[in-house]
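Quick notes on the structure that follows.
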Amino acid sequence: MRNNSFALKAVNITKKFPETIANEGINFFLEKGEIHALLGENGAGKTTFMNILYGIYMPTEGEIYINNKKVDIKSPLDAINLGIGMIHQHFMLVDSLTVLENVILGLKNQGFVVDKKKIEKRLKEISELYALDVSPDAKIWQLSVGEQQKVEIIKVLFRGADILILDEPTAVLRPQETEPLFDILRKMKNDGKSIIFITHKLDEVMAVADKISVLRKGKLIETVDKSQTTKESLAEMMVGRAVLFDFYKKDKHNKENLLEIHNVSVDSESGIRVVDNVTLNVKKGEILGIAGISGNGQQELVQAVVGFRKVKNGKVVFDGLDITNKSVRFITQKGINYIPADRVGMGLAPNLSCVDNAIMRNYYKKKMSSNFILNYKKAVEYTIKIVDMFNVAVADIFKPIKLLSGGNMQKLLFARELLENPKLLIASYPTRGLDLISTEFVRKQMLKVRDEDMSVILISEDLDEILSISDRIAVMHRGSIVGVVDAKNVDKNTIGLMMGGDRLKDE
Amino acid sequence: MLYFEKRKSVSKGLKISIPLVSLIIGVLFGALAIAIVGINPYDVYKSLFLSAFGSWYVFSETLVSATPLLLITAGLILVFKMGVWNIGAYGQYIMGAIFSSYFAIFLPPDTSKPLMLLLMFFGGLIGGAIWAIIPAILKVFWEVNEVITTLLLNYIALYVLKFLMYGSWRNPTSYGFPLSKPFPDSAQLPIIFSHTRITLGFVFAVIAVLLIWFLISKTKFGYEVRVIGDNPTAAKYAGINVNKNIIIAMAISGALAGLAGMVQVSGIIHFLQVKINANYGYTSIIVAWISYLNPVMCFITSVLFGGLESGGYSIQISMRVSYGIVGLIESIALFSIVGAQIFLNYKLRWRK
């Protein structure tokens, strides 16, 4: 190890909150010119630690050294002045301004008149140096997500950052955009910049990081060189036990259609066509994956199927019954349950108790209530059953559900829909934001119900998930189905290309 | 630097102590205002308290003022729980009073008392309900904001009342005053405690609050109301008929406000006039909030506000202060209680 070349040293960092200890005795050393991945599940304390480095939180204990000098980072401004730049997961850009204007926005000491020419020249230098090719005059809203991310990186570099913190930078990107981002990171590394890369995706860590620190439950478990570790051992460090990556799928041959979507079109609230003439079938006992970059009509399509949105044209037939534009309740009672992508926004009532949320699908049914009165005793029993069966970590089922972690909320929601024993389960991003154990659990459950001849529509951006679980995969792009492929005979790259709109040649 | 930090959860103790502490602060500020006018604040407060709670008789007057507050607040709690902002209790109260007064004024005075009161009872309910269903329908089918429609309907109700009082419903022998003819005995709610003005209306009020408590916490409808109130999208997703529930809840809320109007004209005023204390409709909005939309809490808050109302009237006379001072005390108290609500969700912290 090259001594004295630490860009950043965080020694014995502890951060206590009234209810929890988010970070405990973390020793983190970042060398100059390295990409250091900070790996951990949700709630492991990654974000807290980053916020400490960026001056949003002050550590309860511990010291931070930048270039071997002890520093006190009291605010993001301090952090910027010390050469620390943060690229947030959600971009901090003004949509209606140009790239150049966005770069100027945060600059200090510009005087009254801004020398645009000078800034533009510097911006071009930075762009060329790191292959961050975006036009300075383009408006932000015209740019793709990947390009917007580049603007964020430029902004940070422009302010003279030598240490870059990227918070789950690939979460918003298409698979094709990930590799170019990694190239940029490597270029910056070769130029002597130090990069902290926060993620929970193991493949990415293995692809780009030099060193990896694993956080679990607020503690830094271990820092390892990439060359001396494997994906499996990292996962074990993250979770505390071995994790299953490949699932065994029974071979099944299903012929009979359970759901038939005939030429369905759906419009958004503002009247724009978001699903255009889609025809799709789901067979009995199969898992149909719908792949696509989010916002390409997947949500709207399934929401139209479950009655949440109007079908503009076309027909939806379920189990031999026309369910086009029937009410949500009618369709659920016929046997379709839906796990929405937006859990807190759509699937749950966050301020109501776990009990109230657990019974959302069956409070009106005979077992839960008479004509008018709701039997809360039964509701509580039912909630306890769900919590026990699905290992939902909950302190008090009468407290608002928003107090649960994202993973536990998802488990409760997933359980609630699954226990209705639907014929078809539609799951939108069921594992998004879940930790590895919960993810594994949810995937296993979907495979289990498939074996019981339940059908599943799985919407996901995670290609590994789609490929490992689905029987067939439909790819959506701009509201249309680009193609439907057999999951056994397709690779990630092909699906990735289809997600970008490329049709299969031999179809 | 001082800054606000969001609380994760709110303890029961906090829920009670925050409004209490803020009420005390409000009282202190009120004292300051009274002192500026040159009156001894201690005397005013003491007199105010004694005039509201000092004897059985003054307390009975407090309950008389609390009666319409209880009725209206019960209904408001229901709609506020579902996130529908009915600001129109004022107008619904007036319409309830008008509808029920129709029978008192135009039926023969010797109509049997039970029949007369029954007609007036339903008149009040229906009058208020109609005035609340109109904005509910506008909201549900045309997405018209109910805050605006309910508020504007208040003015329409007031002018309908004025129109009647200066027009065809005016008592020809009232020397031009905008009053109806007095209600016959058959149209007056019976008094349930002798030597007080507490009428059967108080019983209606208690039943209404209990009914709303039962609806919200024990029934399917109440469950749906709570889900809609917390997350309308989730409600729709769960297959709840949001529109139907909004109309039903608004109708209930309006009906109870209308009943309050009926109880006031039939039980207390005994004729219809322009001034029928419709301001209870606005006060109840605050009562509902200070009760944390909890029907049981609203018993306490309604009585407190009833006391402020009735005590305030008395001290005008006994202390020779203008009603403006009473209004001032009331407003400052409200301001601090409502303002302190932020501390329920946030705590103040100090950071270097």
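Give me the percent relative contact order of the range A:403-505, please, defined on Cα pairs under 8 angstrom at least 6 residues apart.
On the way: 109 pairs, mean separation 20.5, N = 103.
Normalised by residue count, the contact order of the range A:403-505 is 20 percent.
Would you list which lysines come within 17 Å of A:K310, measuring only between C-alpha atoms, while excluding same-chain residues fewer than 8 positions from it? Reachable lysines: A:K326, B:K236. Amide H contacts under 5 Å for B:T199: B:I192, restricted to partners 5 or more places along the chain or on a different chain, H placed in the peptide plane at 1.01 Å from N. For the range A:1-88, the set of GluC sites (Glu not before Pro) satisfying both a DSSP loop assignment and a count of at most 11 other C-beta atoms within 10 Å is given as A:E19. 3J(HN,Hα) along the range B:240-246: 7, 7, 4, 4, 4, 5, 5 Hz, from the Karplus curve 6.51 cos²θ - 1.76 cosθ + 1.60 with θ = phi - 60°, whole Hz, x for Gly and Pro. Taking a ≥ b ≥ c as the square roots of the eigenvalues of the Cα gyration tensor, the range A:341-460 is classed as oblate, since a/c reaches at least 1.5 and a/b does not exceed b/c. Calculated from the alpha-carbon coordinates, the range B:89-168 shows an Rg and a Dmax of 14.4, 47 Å respectively.
What is the interface area between chains A and B, defined as buried accessible area summed over both chains with a 1.4 Å probe, reported in Å² to the nearest 100? Intermediate results must be reported in sequence, preceding the final value.
Values: alone 23760 and 17430 Å², together 38670 Å².
When A and B are taken together, about 2500 Å² of accessible area is lost.
Taking the C-alpha atoms only, the angle from helix A:175-190 to the longest principal axis of chain A is near 10 degrees.
Taking amide hydrogens as placed 1.01 Å from N in the peptide plane, the amide H of A:I290 sits under 5 Å from those of A:L458, A:I459, A:S460, A:A474, each at least 5 positions away in sequence or on another chain. Under a GNM of chain B (C-alpha, springs under 10 Å), which listed residue has the highest mean-square fluctuation: B:A74, B:A333, B:A255? Largest GNM mean-square fluctuation: B:A333. Of all lysines in the structure, those lying under 27 Å Cα to Cα from A:K488, and not within fewer than 8 positions of it along the same chain, are A:K201, A:K231, A:K249, A:K250, A:K252, A:K255, A:K283, A:K284, A:K423, A:K444, A:K448, A:K505. Computed over the Cα atoms of the range A:271-396, pair by distinct pair, the Kirkwood hydrodynamic radius stands at 17.0 angstrom. Taking a straight Cα-Cα cut-off under 22 Å and skipping sequence neighbours fewer than 8 places away in the same chain, the lysines within cross-link reach of A:K9 are A:K32, A:K46, A:K69, A:K70, A:K74, A:K189, A:K193, A:K211, A:K217, A:K219, A:K226. P(r) tail, the range B:68-298: Cα-Cα pairs separated by more than 28 Å, 29% of all pairs. Values of log10 I(q)/I(0) for the protein assembly as shown across q = 0.04, 0.05, 0.08 Å⁻¹ run -0.25, -0.39, -0.90, by the Debye formula with one identical scatterer at each alpha carbon and no solvent.
For chain A, the spread of Cα positions along the three principal axes, ordered from largest to smallest, is 69, 50, 47 Å. Compute the angle between helix A:406-418 and the longest alpha-carbon principal axis of chain A, please, reported from 0 to 90 degrees and rounded to the nearest 10. The angle comes out at about 10 degrees.
Counting pairs of alpha carbon atoms under 8 Å apart in space and at least six apart in sequence, what relative contact order in percent does chain A give?
14 percent
Which chymotrypsin sites (Phe, Trp or Tyr not before Pro) in the range A:86-156 sit in a loop by DSSP (not H, G, I, E or B) and have at most 14 other Cβ atoms within 10 Å of their own Cβ? Kindly include the intermediate steps, with their values, before the conclusion.
Numbers: sites: A:F91, A:F112, A:Y130, A:W141; in loops: A:F91, A:F112.
For chymotrypsin sites (Phe, Trp or Tyr not before Pro) across the range A:86-156 that sit outside H, G, I, E and B with at most 14 neighbouring Cβ atoms in 10 Å, the list reads A:F112.
On a 0 to 90° scale, report how tilted helix A:436-451 is relative to the longest principal axis of chain A, with both axes built from alpha carbons and the result rounded to the nearest 10. Around 20 degrees separate the two axes. Return a whole-number percent for the relative contact order of the range B:129-265, with Cα pairs under 8 Å and 6 or more residues apart as the contact set. Rounded, it is 31 percent for the range B:129-265. Mean residue ellipticity at 222 nm, helices only, chain B: -24000 deg cm²/dmol; runs of at least 4 DSSP H residues each add -39,500 (n - 2.57), and the sum is divided by the number of residues. Karplus-derived 3J(HN,Hα) values for the range A:339-356, using 6.51 cos²θ - 1.76 cosθ + 1.60 with θ = phi - 60°, are 9, x, 5, 9, 4, 6, x, 10, x, 9, 9, x, 8, 8, 6, 4, 4, 4 Hz; glycine and proline are entered as x.
The values are calculated or read from the model by the stated rules, or taken from the named source; none is laboratory data. Please read these numbers as outputs of a predicted model, since none were measured by experiment. So basically every Cβ, Gly included, is an ideal-geometry build from the backbone, and we count neighbours across all protein chains shown. When the accessible area is computed, the model is the full protein with side chains, heavy atoms only, and any ligands, DNA or RNA have been set aside. Shrake-Rupley method; radii C 1.70, N 1.55, O 1.52, S 1.80 Å.
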